[in-house]
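Shown next, in structure tokens, is the structure this report addresses.
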Amino acid sequence: MSTVISLRNAKIYQQEKLILDQLDLELEEKTFAYLIGKTGSGKSSLLKTLYAELPLTEGTGSVCGFELKGLKRKQIPFLRRKIGIVFQDFQLLTDRNVLDNLKFVLGATGWSDKKLIEQRAMNCLQLVGIEKKAKDFPHQLSGGEQQRVSIARALLNKPTLILADEPTGNLDPATSKEIMELLLAVAKEENTAILMATHDMQMVAHFPGRILEVSEGKVIEQR
């Protein structure tokens, strides 16, 4: 199996502050892993490093075949095509409907054929069961529906890896369970690895996966 995330002796900084130290992490393709830890422990900083929002300056790291250290700005969009990102607060564009949200992302990541863009966007909405809402605006959707759109957006470029940052954090327990089931089913269907930051231990108990705990500047695998 090939490795989608590999970090060796990595140090992660926010501005000048050391957040995570001597970080070793491997994630294989098609694997599901949780990133757990207290608020402020560094989970989001780690995810931001993986999608090149924060630069990796010490140690080595690769994600989906891209070396993080010394990654040039112009390479970042190509890395992000290999990664789907699901945020806690959905981050949908409020000035356009659901379908246009997805079409915008495809256009921004290098797709140019209008017909193919429309087709791929609708395919992804069908994958998450929300194609009937294609013409609705984000404010017309429930939280669970918005998160489904956000998962559809993450799938657009057939990513090798999905990074999910507290994807159920703003949802009630029943909707959270639904979103988790959807995320896992879709990842299985699309052969995608998932690294999901969460502090919802009921989710962790209910849906088994690898558990990586961020604590006191380290990431330790729980057996």
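Details
- Length released on extending from GLU221 to LYS177, taking residue separation times 0.36 nm less the Cα-Cα span: 13.5 nm
- Of the three principal axes defined by the Cα atoms of the chain, the extents in descending order read 47, 40, 34 Å.
- Sequence of HIS206, HIS139, HIS199 once ranked by neighbouring C-beta atoms within 10 Å, starting from the fewest: HIS139, HIS206, HIS199
- If you take all other residues with their beta carbon under 11 Å from the beta carbon of GLU118, and give Lys and Arg +1 and Asp and Glu -1, the sum is +2.
- Per-pair calculated FRET efficiency, R0 = 45 Å: LEU116 and HIS199 via Cβ, rounded to 0.05: 0.70
- Of all aspartates and glutamates in the structure, those lying under 17 Å Cα to Cα from LYS103, and not within fewer than 8 positions of it along the same chain, are ASP95, ASP113, GLU118, GLU131, ASP136.
- Residue order, fewest to most surrounding Cβ atoms within 10 angstrom, among VAL204, VAL186: VAL204, VAL186
- The relative contact order of the chain comes to 29 percent, based on Cα pairs under 8 Å that sit 6 or more residues apart.
- Each of THR3 and GLU213 was given a label point 7 Å from its Cα along the Cα-to-Cβ line. The distance between the two points is 2.4 nm.
- Among GLU16, GLU181, GLU213, a tally of other beta-carbon atoms within 10 Å of each Cβ gives an order, fewest to most, of GLU16, GLU181, GLU213.
- Rg ratio for the stretch 79-175: its Cα radius of gyration over 2.2 N^0.38 Å, N being its residue count, equals 1.00.
- Remark: the stretch 169-184, residue by residue, has Karplus-estimated 3J(HN,Hα) of x, 9, 10, 6, x, 5, 5, 4, 4, 4, 5, 5, 4, 5, 4, 5 Hz, where x stands for each Gly or Pro and the curve is 6.51 cos²θ - 1.76 cosθ + 1.60 at θ = phi - 60°.
- Gyration tensor (alpha-carbon) shape descriptor, the stretch 120-194, a/c threshold 1.5: oblate
- For a modelled paramagnetic label at ASP136, 7 Å from Cα along Cα-to-Cβ, the residues of the stretch 93-112 in reach, with backbone nitrogen under 17 Å, are 93-102.
- Working note: Karplus 6.51/-1.76/1.60 with θ = phi - 60° gives the stretch 64-74 the couplings 6, x, 9, 6, 6, 6, x, 4, 7, 3, 6 Hz, where Gly and Pro are set to x.
- Pairs from LYS17/LYS82; LYS72/LYS114; LYS48/LYS188 whose Cα-Cα separation, in the structure shown, is over 27 Å: LYS17/LYS82; LYS72/LYS114
- Amide H contacts of ALA164 (H built 1.01 Å from N, under 5 Å, at least 5 apart or other chain): VAL86, LEU195, MET196, ALA197
- Amide H contacts of VAL219 (H built 1.01 Å from N, under 5 Å, at least 5 apart or other chain): ASP24
- Cross-link partners of LYS74 among aspartates and glutamates (Cα-Cα below 20 Å; sequence separation of 8 or more within a chain): GLU53
Every read-out reported here was derived from the displayed coordinates using simple, explicitly stated rules and does not represent laboratory data. Here the structure is a predicted model, which is why all the values come from computation and not from measurement. Every residue, glycine as well, gets a Cβ built from its backbone with ideal geometry; the counts of neighbours run over all protein chains shown.
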